[in-house]
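Novice: Pasting in a structure now, in structure tokens, and then I'll have a few things to ask.
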Amino acid sequence: MATSNIHRIRFKKRIVRYALLMVAGPVVTVLLLLFTGNFSAKVWVTSLTVVAVTVSVYYRWLLSSVFRPVQS
């Protein structure tokens, strides 16, 4: 029983790690564009908000579509 929980935790960590790697590219690109350009504070806040909301929605989708079916 305990090894099953360990495998489940390892699986979840691995999936989250892969998801973060998939999101890292676009996030780094947005940050590089913001740092190299001469943008106002509104553009900074809007861009970072869009990135944060997108990552949050993607993570919630990942939880609902990958982890919940595995749990049941």
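The values are calculated or read from the model by the stated rules, or taken from the named source; none is laboratory data. Computed from a predicted structure; not experimentally measured. Using ideal geometry, Cβ is built from the backbone for each residue, glycine included, and neighbour counts are taken over all protein chains shown.
Novice: Give the stretch 47-66 a look and list any residue that's of a type in the set (Ser, Thr, Tyr), within 15 Å of Leu31 (Cα to Cα) and out of contact with any Phe, Trp or Tyr (no Cβ under 9 Å at 6 or more places or on another chain), or say none.
Specialist: Restricting attention to the stretch 47-66, the residues satisfying the condition of being of a type in the set (Ser, Thr, Tyr) are 47, 49, 54, 56, 58-59, 64-65.
In the following step, the residues that additionally are within 15 Å of Leu31 (Cα to Cα) were identified as 47, 49, 54.
Correct list: Thr49, Thr54.
Novice: I'm checking my understanding of the structure. Among residues of the stretch 4-55 that are surrounded by 10 or more Cβ atoms within 10 Å (Cβ to Cβ), of a type in the set (Ser, Thr, Tyr) and out of contact with any helix residue (DSSP H, G or I) (no Cβ under 9 Å at 6 or more places or on another chain), which one is nearest to Val66 (Cα to Cα)?
Specialist: Tyr18
Novice: Quick check on the stretch 51-69. Is at least one of its residues in contact with a Leu (Cβ under 7 Å, 6 or more places away or on another chain), at pLDDT below 85 and not β-branched (Val, Ile, Thr)? Quick ask: steps written out before the conclusion?
Specialist: Quick first cut of the stretch 51-69, residues in contact with a Leu (Cβ under 7 Å, 6 or more places away or on another chain) only: none.
For the stretch 51-69, residues in contact with a Leu (Cβ under 7 Å, 6 or more places away or on another chain), at pLDDT below 85 and not β-branched (Val, Ile, Thr): absent.
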